[in-house]
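What follows is one structure encoded as structure tokens, with my remarks underneath.
The values are calculated or read from the model by the stated rules, or taken from the named source; none is laboratory data. From a predicted model like this one, the values you see are computed outputs, not experimental measurements. Counting neighbours? That spans all protein chains shown, and the Cβs are built from the backbone with ideal geometry, glycine included. All accessible areas refer to the heavy atoms of the entire protein, side chains included, with ligands and DNA or RNA removed. Shrake-Rupley method; radii C 1.70, N 1.55, O 1.52, S 1.80 Å.
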Amino acid sequence: MMKKLDRYLDTFETGAFSLLLSIMTIVVFIQVICRYILHASLPWSEEVSRYCMIYTVFIGVGAGLKAGTHTGVDALVMILPQKAKWIVILIEKIMCFILSGIFFGLSAEVVIQLFESGQKSATLFIPIAFAYLAMPVGFLGGMVRSAQNIGIHIKEKKGEKR
């Protein structure tokens, strides 16, 4: 089941990155053409590209945790004995899970409040909560990836003992 989830998340993250960065690039390119060649700007283009970048960043939380690029002080860990190194890495992975969980809960509260307030974005006139929804989505991905990392770390230790 974890392998299926991992494949699904990999597919989702890669697809989302490709789609969002493509949309952002195309919208900004069209805006540049409109502004400098047609001398008329598109008022909504900045907002669309900003939201694409926000979603890319927050979806990157889970992808970065999977790759192990967000946390770590390698110099400290490298000098530790093997058992201490394993414990420190486990603590780091647990802390990532806990922090992602805290941030998920806090950001979900903000999104709920924004949906209740009905606040709209400046130029697209969509609920601003959709922009903020990137946070809980990203931190949920961070929780799942952190849980996977913890499981893999423990499984590797059990494999060494055999």
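Largest accessible area first, the residues 44, 86 order themselves as 44, 86 under a 1.4 Å probe with ligands, DNA and RNA left out. Residue ranking by accessible heavy-atom surface, 1.4 Å probe, largest first, among 14, 56 comes out as 14, 56.
Computed with a 1.4 Å probe over protein heavy atoms only, the accessible area of residue 47 comes to about 10 Å².
A Förster radius of 22 Å combined with the Cβ-Cβ distance from residue 50 to residue 102 puts the calculated FRET efficiency at roughly 0.30. So what's the angle, to the nearest 10 degrees on a 0 to 90 scale, between helix 2-36 and the longest Cα principal axis of the chain? That helix lies at roughly 30 degrees to the long axis. Distance between the C-alpha centres of region 100-162 and region 1-74: 16 Å, rounded to the whole angstrom. The sum of -39500 (n - 2.57) across all DSSP H runs of n ≥ 4, divided by the residue count of the chain, sets its helix-only mean residue ellipticity at 222 nm to -28500 deg cm²/dmol. Residue 53 exposes around 80 Å² of accessible area when a 1.4 Å probe is run over every protein chain in place.
With 0.36 nm allotted per residue and the present C-alpha distance subtracted, the residue 150-residue 116 stretch has 8.6 nm of extension available.
Computed over the chain, the Cα gyration tensor eigenvalues convert (square root of 5λ each) into semi-axes of 39, 18, 14 Å, ordered from largest to smallest.
Axis of helix 82-117 versus longest Cα principal axis of the chain: the two differ by about 30°, to the nearest ten degrees.
The accessible area of residue 50, taken with all protein chains in place and a 1.4 Å probe, comes to roughly 110 Å². Counting Lys and Arg as +1 and Asp and Glu as -1, what is the net charge of the other residues whose Cβ lies under 15 Å from the Cβ of residue 53? Taking every other residue near residue 53 into account, the sum is -1. The relative contact order of the chain comes to 27 percent, based on Cα pairs under 8 Å that sit 6 or more residues apart.
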